[in-house]
Amino acid sequence: MLTVSLQFPKTRYQVAESYCNELEVVHEKLKGQQPTQVDRRGPILLHHNARSHIANTTAQKLHQLAIEDLHHPAYSPDFHFFPSLDNFLTQKRFRKQKDTENAFGSFFSPGDSHFYICKFNALAIHWPKCVKHDGNYFK
């Protein structure tokens, strides 16, 4: 598994052309780092959030690069991963980016590794079940 984070400038829309250019860059990097994944059946792309639609240009680029687009369900199956984060964020409002970063930093600070191990193990069991049921979320 290779995780790639695309960073688009905050002041620019993520238009199809720039996204397709980023897909080309990612595909080239993937061919260098994991050529068997690209040659065997093509990489699988999972967006970090649900998208409302995809531009035709982007769909064509994904097809051209043989990248499978794994659709992210509207109600993410990994939501259960951090119900404690949901509780932590309840009633909080952030006026500045730095305040948000500090709050998340304090929540995710190194601490009880058992917490993370349990949540990752639960996710490994839960996520395939959601995929098998076409992305439907259930507890």
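Brief remarks follow.
- Tabulated pairs, the range 17-35, first surrounded by 13 or more Cβ atoms within 10 Å (Cβ to Cβ), second hydroxyl-bearing (Ser, Thr, Tyr), C-beta under 9 angstrom, 6+ apart or interchain: TYR19/THR57; TYR19/THR58; CYS20/THR57; CYS20/THR58; LEU23/THR58
- Residues located in the range 53-76, provided they are part of a loop (DSSP other than H, G, I, E, B), at pLDDT 70 or above and surrounded by 13 or more Cβ atoms within 10 Å (Cβ to Cβ): ILE54, ALA55, LEU65, ILE67
- Selected residue (criterion: nearest to LEU65 (Cα to Cα)) from residues of the range 10-38 that are at pLDDT 75 or above and charged (D, E, K, R): GLU24
- Here ILE117 meets the list (1) modelled with pLDDT under 75; (2) loosely packed, with under 11 Cβ neighbours inside 10 Å almost entirely, failing just condition (1).
The values are calculated or read from the model by the stated rules, or taken from the named source; none is laboratory data. Every value quoted in this text rests on a predicted model; they were computed, and no experiment measured them. Note that we place each Cβ from the backbone using ideal geometry, even for glycine, and neighbour counts take in every protein chain shown.
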